[in-house]
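Participant: Structure in structure tokens, see below.
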Amino acid sequence: MIQATVIIPAWNSESTLRASVESALAQTEVFIEIIVVDDCSTDGTRAVAGDLADAHSQVRALTLARNGGPAAARNAALATAKGVWVAVLDADDKFCTGRLAALTEFGDRAGADIVCDGLVMHDAARDTRRTAVPAFDGDPEARDWTLGDYIAGNMHGAKGLSLGYLKPIFRRSFLLTHGMRYDETLRNGEDFHFVLEALARGAVMRYRADPGYVYSVGQISISHRLNPDHAEALAHADLAFVARHERVLDAGSAAMMRQRARSILDLASAEAALAALRHGKPVAAARALWRRRRATYRFLRQLAEAAATRLHRH
């Protein structure tokens, strides 16, 4: 019996993929399969994945016909997964030794459908590691997480690391029963929405504080990874979730989701204005802010932060 399927979506990850796969292969006391999905990379990722599959019977390599983003890559792997549990691993991250055995045992004992654990934040540039504190009100280990808990822990300004960065494992039977798939219209926040949808459908979610997932800190820089179009898609997905699940959302959770969508749209407008400035188009920047004037404060703050960063470097 395959106890866990490890899903690794990979795009232009030739320099990090091998170490990620090896961290999964090193898991003990649990029988696993590993599915690497090359998301139409333009570097040597596909070759690395093929070499790993040739060398290890637990590894399978899939290749998408076109670039679809991490959601599409994860869905392709989910369609062929055989494990009792499904774990997602990003191609530049790693598992700590013994993580999967600990989480699957904890999940089975707790009767959970989703189990997450602590993160080790690894900054390769500075060669530092720290354990993150999640944005959870109260003791995150003491009870099942509610939909409201998860939404609150993903709000802008929440104290601690946004819960959307956690990398849970999922009971595959729950995913199959509810026809769960990642939203392929999203290039950001697909993890958040996948967990959100599962909770809305009655999933039991538990947390084990021991850090077991090593997260590449470079991923967290939203200014590095945010595309205004992707942010708008995420905001629209937030609002669509509220409309779809009005019956299970309490008033406070619905209000938080709408507030989150507004904040993301502000951020998208601010990023669009900054991008226009970087390309020497001040009129386009002004137009972006005029269309959403409440984004002006965020734009000015990000502009000041960017200027401060440049001064610091010099």
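The values are calculated or read from the model by the stated rules, or taken from the named source; none is laboratory data. What you see is a predicted model, and the numbers here were worked out from it, not measured in a lab. Quick reminder, even Gly has a Cβ in these numbers, built from the backbone with ideal geometry, and neighbours come from all protein chains shown. These area figures cover heavy atoms from the full protein model, side chains too; ligands, DNA and RNA do not enter into them. Shrake-Rupley method; radii C 1.70, N 1.55, O 1.52, S 1.80 Å.
Participant: Please list, ordered by first then second residue, the pairs with beta carbon atoms under 9 Å, 6 or more apart or interchain, first in segment 1-21 and touching a residue at least 12 places away in the same chain (Cβ under 8 Å), second aromatic (Phe, Trp, Tyr) and open to solvent by 20 Å² or more (accessible area, probe 1.4 Å).
Facilitator: Within 9 Å, the pairs are Met1/Phe31; Ile2/Phe31; Gln3/Phe31; Ala4/Phe31.
Participant: Let me ask another. Within segment 130-167, which residues are in contact (Cβ under 8 Å) with a residue 24 or more places away in the chain, surrounded by fewer than 17 Cβ atoms within 10 Å (Cβ to Cβ) and not in a loop (DSSP other than H, G, I, E, B)?
Facilitator: Passing the criteria: Thr131, Gly148.
Participant: Mind counting the residues in segment 151-195 that are touching a strand residue (DSSP E or B) at 6+ places or on another chain (Cβ under 7 Å) and aromatic (Phe, Trp, Tyr)?
Facilitator: Number satisfying all stated conditions: 2.
Participant: Please go through segment 46-73 and give me each residue that is in contact (Cβ under 8 Å) with a residue 40 or more places away in the chain and either touching a strand residue (DSSP E or B) at 6+ places or on another chain (Cβ under 9 Å) or of a type in the set (Val, Ile, Thr) (or both), ordered by number. Explain how you work it out, then say what you get.
Facilitator: First, the residues of segment 46-73 that are in contact (Cβ under 8 Å) with a residue 40 or more places away in the chain: 67-73.
The answer is Gly69, Pro70, Ala71, Ala72, Ala73.
Participant: Looking at (1) within 26 Å of His178 (Cα to Cα); (2) in a helix (DSSP H, G or I), which is the one condition that is false for Thr80?
Facilitator: (2)
Participant: Now, a different point. Of everything in segment 44-62 that's over 13 Å from Ile7 (Cα atoms) and not in a helix (DSSP H, G or I), which residue is least open to solvent (accessible area, probe 1.4 Å)? Give the derivation first.
Facilitator: So the first thing to find is which residues in segment 44-62 are over 13 Å from Ile7 (Cα atoms), and the list is 44-48, 50-57.
Narrowing further to those that are not in a helix (DSSP H, G or I): 44, 56-57.
Working: Gly44: 21, His56: 62, Ser57: 116 Å².
Within segment 44-62, the match that is least open to solvent (accessible area, probe 1.4 Å) is Gly44.
Participant: Specify which of the listed residues (Ala261, Ala276, Ala270) is touching a His at 6+ places or on another chain (Cβ under 8 Å), touching a residue at least 12 places away in the same chain (Cβ under 8 Å) and hydrophobic (A, V, I, L, M, F, W, C).
Facilitator: Ala261
Participant: Follow-up question, since we're still on this one. Which residues, taken from segment 82-129, are open to solvent by 30 Å² or more (accessible area, probe 1.4 Å) and among the hydrophobic types (A, V, I, L, M, F, W, C)?
Facilitator: Val84, Cys96, Ala110, Ala124, Ala125, listed by residue number.
Participant: I want to confirm something. Restricting to segment 44-73 and keeping residues that are charged (D, E, K, R) and in contact with a Ser or Thr (Cβ under 8 Å, 6 or more places away or on another chain), which single residue is farthest from Ala233 (Cα to Cα)? Talk me through it step by step, then tell me what you get.
Facilitator: Within segment 44-73, the first condition is being charged (D, E, K, R), and the residues that meet it are 46, 51, 54, 60, 66.
From what's left, in contact with a Ser or Thr (Cβ under 8 Å, 6 or more places away or on another chain): 46, 60.
Details: Arg46: 29, Arg60: 31 Å.
Only one residue tops the list, namely Arg60.
Participant: Also: Pull up segment 230-266, narrow it to residues that are over 18 Å from the mean Cα position of the chain (by Cα) and either within 30 Å of Ser15 (Cβ to Cβ) or of a type in the set (Val, Ile, Thr) (or both), then point me to the one that is modelled with the lowest pLDDT.
Facilitator: Kept after step one, since they are over 18 Å from the mean Cα position of the chain (by Cα), are these residues of segment 230-266: 239-240, 242-256, 258-259, 262-263, 265-266.
Remaining after also requiring either within 30 Å of Ser15 (Cβ to Cβ) or of a type in the set (Val, Ile, Thr) (or both): 242, 248.
Details: Val242: 97, Val248: 87.
Only one residue fits best here, namely Val248.
Participant: Turning to a different aspect of this structure: Might you check whether a residue that is of a type in the set (A, V, I, L, M) and open to solvent by 40 Å² or more (accessible area, probe 1.4 Å) occurs anywhere in segment 191-203? Don't jump to the end; show me each part of the working.
Facilitator: So the first thing to find is which residues in segment 191-203 are of a type in the set (A, V, I, L, M), and the list is 195-196, 198-200, 203.
Still in the running and open to solvent by 40 Å² or more (accessible area, probe 1.4 Å): none.
No, segment 191-203 has no match at all.
Participant: Can you tell me how many residues within segment 17-32 are more than 12 Å from Gly98 (Cα to Cα) and assigned to a helix (DSSP H, G or I)?
Facilitator: Qualifying residue count, segment 17-32: 6.
Participant: Look through segment 6-29, keep the residues that are touching a helix residue (DSSP H, G or I) at 6+ places or on another chain (Cβ under 7 Å) and more than 24 Å from Ala72 (Cβ to Cβ), and return whichever of them is least open to solvent (accessible area, probe 1.4 Å).
Facilitator: Looking at the filtered set, the residue picked out is Gln27.
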